[in-house]
Amino acid sequence: MSHRRLLDTESHWLTNRGKAFLTERVVMHGRDLHKQLGNYEWLHLYLFSILGRDPGEQVYRLLNYYYVATSFPDPSIWPNHVTALAGSVRTTPSLALMAGLSISEASIYGRRPEVRALDFFYRAGRWCDEGKSLTEFVELEKSQGRIIYGYGRPLASADERISHTLEKAKEWGFSDGRFLNMALDVYEYLRTTYGYSMNIAAIDAALAADVGLNAEEYQLFMTPIFLAGMTPCFLDAAEKPEGAFFPMRCTSICYGGPAKREWSDNKEETPS
Amino acid sequence: MTSKYVYHSNFWFEESEESNPFAARACYCSGYDVYGQVVPKAGWFEYLLLLFKGERSSPAMSVLLEKLAMSLANPGPREASVRAAMNGGVAGTNPGSALMAALAVGSGQYGGAREVAVAMELWQQCGRDLTTWQQRLRKPEQDERADIWAPMEHAPGFDPNGDHTPTPVLSTLELLTSLAPEQGALAWLSQQREELEHSVGYPLAMSGVAGAAFVDLGLNPEQGSMLFLILRLPGAAVHALEQQQMGWKKFPFYGDAIELANDPGANVSMANEGADS
């Protein structure tokens, strides 16, 4: 390879994703934003912006419920906590919300479990397509030391969103999809074999797989999902006295490191 | 009375003022009195290494980190993270927003902190074995599962858009190698650079030099990734500030350069369409 491929895009960007003909019109994925997409609700448009196609009312309504169901206005939840800290120290709404969204791409909640759960169901589906059993696949994953994302939730053993989401799935015609049934089968196996619980990441990912989202599409779609839970946390902390959001006293730092020691002037004596 | 909510730390300890439990009288970093002794006696890079490693490092290690920091301090306005900060600066955004843009864009797998981390993981796995390096550079990741990070598209630490090793990369590698352990990663990279470049088909990048330097500093991939992000912020900051002063009229606006391949034209109907199959 060489720099020569850069010459093609130095002053020219060919795309079919979209363009703003400023002062005239805007095109997104080949459609006029104001004329053809103007009646979309925002989340529907967001889905269209990711997929480049309209997946239809039922899919949009189902996925919209993910957003509603995950809007927890509770500052003990870590991304919300960051947003509340931002409000407490009087930073701006944009910085507060972006900081909260940024740490939503975490490993023990949020984007990584979601992506990994989706990927798990697709890989399990291919495994089963070869005539092999689902429980064998689960055991193979476990034997490799892999987390089965969506099963077992930090800080809680039951997920209140599951029953509501399953009701919505039924309402919008997704209650009998292959991957949703697979998610429930995996839960039944892990519950009876290991006492695992199931969390919303498994159900959301399975339904997303039934809808046909790939990992990148799912990650993009889920990225702003905590937003509506964050704003109340920001406002709440911003309304209270500066620095008053769960302040930490010095003794709240529980120290487990080296004892006090002198900083010797003779640096050459120190180890490398 | 104390709170039941405590945070655990193995390197930071504080003693409070008698008058206020929320104000520190003294802070200790891995046992050293920060404001009483470290700030008056230590240099910035000595303190940085103490923070990251929990122990004092040799003067040679502080010099190595200082020279690496200087090499990384300003990647220049062509580099994506700096450009991102400039886009914030020129529009008069918050300083924090400009630097957040630099951190986000500078976190990537092409020239960013993630690339440094992946390269450092290869150091852990390949050591000084040239054959293993050549194999793993072609396939740096071994987990087939999808992740929040897309698969690497090039050999980490090398530039797929390069022709020959740029002079600043070569001079940085040469200088840092002269300051690093004789049997360390930088020394091995200097010896094997041409062989590795020939193998991957494109030249070493600054991210590869930084990764090797972090290995020689005794840091792990997560630590190296964090420091890489921190050390490139000065350039992002000053370029953002400069563009703010320059003003938006001098800043490129690429509207004319964007060609839409599927323009429906201005005369489309108002009708909304149904679901796409």
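The values are calculated or read from the model by the stated rules, or taken from the named source; none is laboratory data. The model shown is predicted, which means the values in this text are computed figures rather than measured ones. Ideal geometry is used to build each Cβ from the backbone, glycine not excepted, and the neighbour counts take in all protein chains shown. Surface areas here come from the heavy atoms of the whole protein model, side chains and all, with no ligands, DNA or RNA. Shrake-Rupley method; radii C 1.70, N 1.55, O 1.52, S 1.80 Å.
Quick check on this structure: which one of A:Ala96, A:Ala69 is over 21 Å from A:Met182 (Cα atoms), surrounded by 15 or more Cβ atoms within 10 Å (Cβ to Cβ) and over 16 Å from the mean Cα position of the chain (by Cα)? Walk me through it before giving the result.
Details: A:Ala69 fails: over 16 Å from the mean Cα position of the chain (by Cα).
Just a single option satisfies the conditions, and that option is A:Ala96.
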Review point. When the range A:202-227 is examined, which residues are found to be among the hydrophobic types (A, V, I, L, M, F, W, C) and either under 9 Å from the mean Cα position of the chain (by Cα) or outside the structural domain of A:Tyr187 (by TED's automatic domain parsing) (or both)?
Key: A:Leu220, A:Phe221, A:Met222, A:Ile225, A:Phe226, A:Leu227
Revision key, fill the gap. Checked the range A:1-17 for anything part of a loop (DSSP other than H, G, I, E, B) and open to solvent by 40 Å² or more (accessible area, probe 1.4 Å); matches are A:Met1, A:His3, A:Asp8, A:Thr9, A:Glu10, A:Ser11, A:His12, A:Asn16, A:Arg17
Check your understanding: Among the helices (runs of 4 or more DSSP H) contained in the range A:18-112, which hold 3 or more residues that are under 30 Å from A:Ile148 (Cβ atoms)?
Key -> A:42-51, A:57-69, A:78-88, A:93-102
Practice item. Could you identify the single residue in A:Leu235, A:Leu166, A:Leu190 that is aliphatic (A, V, I, L, M) and within 30 Å of A:Glu57 (Cβ to Cβ)? Key: A:Leu166
Review point. Looking at (1) of a type outside the set (Val, Ile, Thr); (2) surrounded by fewer than 19 Cβ atoms within 10 Å (Cβ to Cβ); (3) closer than 30 Å to B:Leu137 by Cα; (4) in contact with a helix residue (DSSP H, G or I) (Cβ under 9 Å, 6 or more places away or on another chain), which is the one condition that is false for B:Tyr47?
Key: (3)
Check your understanding: Out of all the residues in the range A:233-250, is one or more surrounded by 15 or more Cβ atoms within 10 Å (Cβ to Cβ) and either farther than 28 Å from A:Ala96 by Cα or within 22 Å of the chain's Cα centre (by Cα) (or both)?
Key -> yes
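So that you can scan it fast, the table gives a plain yes or no per residue for (1) within 23 Å of the chain's Cα centre (by Cα); (2) buried (at least 16 other Cβ atoms within 10 Å of the Cβ):
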| position | (1), (2) |
| --- | --- |
| B:Glu174 | yes, no |
| B:Ser207 | yes, yes |
| B:Ala210 | yes, yes |
| B:Val215 | yes, yes |
| B:Ala236 | yes, yes |
| B:Glu242 | yes, no |
| B:Gln245 | no, no |
| B:Ala261 | no, no |
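If you go through the range A:122-153, how many residues are outside any loop (DSSP other than H, G, I, E, B) and not β-branched (Val, Ile, Thr)?
Residues of the range A:122-153 that are outside any loop (DSSP other than H, G, I, E, B), as a first pass: A:122-129, A:134-143, A:151, A:153.
Restricting the remaining residues to those that are not β-branched (Val, Ile, Thr) gives A:122-129, A:134, A:136-137, A:139-143, A:151, A:153.
Residues meeting the conditions: 18.
To keep it simple, each residue is scored yes or no on (1) polar (S, T, N, Q); (2) touching a strand residue (DSSP E or B) at 6+ places or on another chain (Cβ under 6 Å).
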site	(1), (2)
B:Tyr28	no, yes
B:Tyr35	no, no
B:Ala42	no, no
B:Leu65	no, no
B:Ser81	yes, no
B:Ala91	no, no
B:Glu115	no, no
**Study point:** Of the criteria (1) closer than 30 Å to A:His12 by Cα; (2) open to solvent by 30 Å² or more (accessible area, probe 1.4 Å); (3) among the charged types (D, E, K, R), which one B:Arg232 fails
**Key:** (2)
Exercise for review: Residues being more than 24 Å from the chain's Cα centre (by Cα), within 14 Å of chain B (Cβ to nearest Cβ) and farther than 16 Å from A:Asp185 by Cβ: count how many of those fall in the range A:127-172.
Suggested key: 1
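Restricting to the range B:155-203, name every residue that is in contact (Cβ under 8 Å) with a residue 60 or more places away in the chain and either of a type in the set (Asp, Glu) or within 23 Å of B:Arg78 (Cα to Cα) (or both).
Keep residues of the range B:155-203 that are in contact (Cβ under 8 Å) with a residue 60 or more places away in the chain, which gives B:168, B:172, B:175-176, B:179-180, B:185, B:188, B:192, B:195-196, B:199-200.
Of everything in the range B:155-203, those that are in contact (Cβ under 8 Å) with a residue 60 or more places away in the chain and either of a type in the set (Asp, Glu) or within 23 Å of B:Arg78 (Cα to Cα) (or both) turn out to be B:Pro168, B:Thr172, B:Glu195.
Rundown of residues vs (1) at pLDDT below 95; (2) more than 25 Å from A:Leu227 (Cα to Cα); (3) within 13 Å of another protein chain (Cβ to nearest Cβ), yes/no style:
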| position | (1), (2), (3) |
| --- | --- |
| A:Arg17 | no, yes, yes |
| A:Tyr46 | no, no, no |
| A:Leu51 | no, no, yes |
| A:Val68 | no, no, no |
| A:His81 | no, no, yes |
Exercise for review: Within the range B:8-32, count every residue that is closer than 20 Å to B:Leu50 by Cβ and at the interface with chain A (Cβ under 7 Å from one of its Cβ atoms).
Suggested key: 13
Review point. Got a sec? Which helices (runs of 4 or more DSSP H) wholly within the range B:157-224 have at least 2 residues that are more than 21 Å from B:Arg138 (Cα to Cα)?
Key: B:167-179, B:206-216
Practice item. State whether the residues of the range B:208-215 include one that is in contact with a strand residue (DSSP E or B) (Cβ under 7 Å, 6 or more places away or on another chain), farther than 22 Å from B:Gly96 by Cα and not aromatic (Phe, Trp, Tyr). Key: yes
